[in-house]
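Everything below concerns the one structure shown next.
Derivation of every value follows stated rules applied to the coordinates shown; laboratory data play no part. Predicted, not measured: the structure shown is a model, and the values here were computed from it. All Cβ positions, even for glycine, are placed from backbone atoms using ideal geometry, and neighbour counts span all protein chains on display.
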Amino acid sequence: MASVTIKSANSAISFPELLIVEERLRESFLRAGDTIKDSCLLLLDSGGKRLRPLLTLQSAQCFGPLNSAALDAAVAAELIHMASLIHDDVIDHSDRRRGIPTINSQRGNQVAVLAGDYVFAEAFRILANKHLLTSMSYLVDAIQSMCDGEIQQAEQRCDLAVEPSQYFQRIAQKTGILLASCCCSGAASAGANQEAVEALGQYGMNLGYAYQIIDDILDFTGNPQVTGKPAAADLLNGYITLPVIYLLDKPLYGPWAREMLQARDLSPANVQRIIQALISSGALNEAFTTALRCAQTAVQALSSLPPSPSKTFLSELTHTILYRQA
């Protein structure tokens, strides 16, 4: 089962409402046929941060007590995220996620694609309720953007000329838009006005930037036993992320790194040399500083909202994102 305790900057706060989300997710999968049911339950039981439903619920609670619409929107958001993970594993030919075998590696691509489609369908079955039409609009926009982001990532694979602006456009589509949509969906379900909804959308987008940059840093510095993937997995797959973009721009290290990457000479020894260069050149520190600025922008976006425990939590969550280990 997913953790229902999120560590904030100052304390550990339990969220019993995530237990409701967890049970609703399980119920969704139990309705499927045996093959899809077993595959989806395996992914569910592998855990996960449940960040998207948490953002939906906390955004809603910035404006009042939790209601059923927000809970439904939170479940739908996590289903969409899970469906995208299943399809991503097919696209990336991934064998493991969170340390366990992926659906495609166990059951094949056909079952994995259909399982992802089923999970998407479950999300829209929930969103089809008339009180969630606004949430559906936000989440549909997110799905379309995520598809565009996947295509852009594929087109930029092994492209050493990628600029920071292109990187930010890509992570906005792949990561930021869904977090922003969760925040907007939660706020809208609680009856927030458009200004407040847009403020939470800005918070979610910048939180997404920070989250993805830290993810890209952890690709090089994380413990594989904690992250669930080998060191430099993204680089080995040809994905040029912000730390590498910064490294390639360093006069001392850039030409050497560019030559190695152009030759695709990524033996384990050379991967370790690149990781050391990322550290020595300051590229990893530069990437972290960028993530920090994004987190600060996220917090600033909350300034117009009324005081509440949920607003405080969302502000502190940026610290958790910056200093996470997986």
Does segment 20-29 include one or more residues that are under 27 Å from Gly191 (Cα atoms), touching a Pro at 6+ places or on another chain (Cβ under 6 Å) and crowded, with 21+ Cβ neighbours inside 10 Å? yes
Of all residues in segment 294-321, count the ones that are crowded, with 17+ Cβ neighbours inside 10 Å, within 25 Å of Gly191 (Cβ to Cβ) and in contact with a helix residue (DSSP H, G or I) (Cβ under 8 Å, 6 or more places away or on another chain). 10
Taking segment 26-53 as the region of interest, how many residues are closer than 22 Å to Ala301 by Cα and either touching a Lys or Arg at 6+ places or on another chain (Cβ under 6 Å) or without any contact (Cβ under 8 Å) to a residue 60 or more places away in the chain (or both)? 0
Quick one: which residue in Asp95, Asp88 is within 27 Å of Pro224 (Cβ to Cβ), within 14 Å of the chain's Cα centre (by Cα) and among the acidic types (Asp, Glu)? Asp88
For Thr134, state whether it is buried (at least 17 other Cβ atoms within 10 Å of the Cβ) and in contact (Cβ under 8 Å) with a residue 40 or more places away in the chain. yes
When (1) surrounded by fewer than 22 Cβ atoms within 10 Å (Cβ to Cβ); (2) under 30 Å from Pro307 (Cβ atoms) are applied to Val90, the one that fails is (2)
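Output the residues belonging to segment 163-173 that are in contact (Cβ under 8 Å) with a residue 24 or more places away in the chain and under 21 Å from the mean Cα position of the chain (by Cα).
Taking segment 163-173 first, the residues in contact (Cβ under 8 Å) with a residue 24 or more places away in the chain are 163-164, 167-168, 171-173.
Pro164, Tyr167, Phe168, Ile171, Ala172, Gln173 - these are the residues of segment 163-173 that are in contact (Cβ under 8 Å) with a residue 24 or more places away in the chain and under 21 Å from the mean Cα position of the chain (by Cα).
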Filter result for Ser39 (surrounded by fewer than 24 Cβ atoms within 10 Å (Cβ to Cβ), within 18 Å of Asp89 (Cβ to Cβ) and of a type in the set (Gly, Ala, Ser)): no
Select the helices (runs of 4 or more DSSP H) contained entirely in segment 174-268, then report the ones holding at least 1 residues which are in contact with a Phe, Trp or Tyr (Cβ under 9 Å, 6 or more places away or on another chain) and either buried (at least 20 other Cβ atoms within 10 Å of the Cβ) or free of Cβ contacts under 8 Å to residues at least 60 places away in the same chain (or both). 177-189, 194-221, 233-236, 242-248
Just wondering, is there one or more residues in segment 139-146 that are touching a strand residue (DSSP E or B) at 6+ places or on another chain (Cβ under 9 Å), in a helix (DSSP H, G or I) and not β-branched (Val, Ile, Thr)? no
Of (1) over 24 Å from the mean Cα position of the chain (by Cα); (2) buried (at least 19 other Cβ atoms within 10 Å of the Cβ); (3) of a type in the set (A, V, I, L, M), Ala287 satisfies all except one. Which? (1)
Let me spell it out: the conditions are (1) surrounded by fewer than 17 Cβ atoms within 10 Å (Cβ to Cβ); (2) of a type outside the set (Asp, Glu); (3) in a helix (DSSP H, G or I), and Val119 meets all of them except one. Which number is the exception? (1)
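Rundown of residues vs (1) in a helix (DSSP H, G or I); (2) among the charged types (D, E, K, R), yes/no style:
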residue: Thr289; (1), (2): yes, no
residue: Arg293; (1), (2): yes, yes
residue: Val299; (1), (2): yes, no
residue: Phe313; (1), (2): yes, no
residue: Ala326; (1), (2): no, no
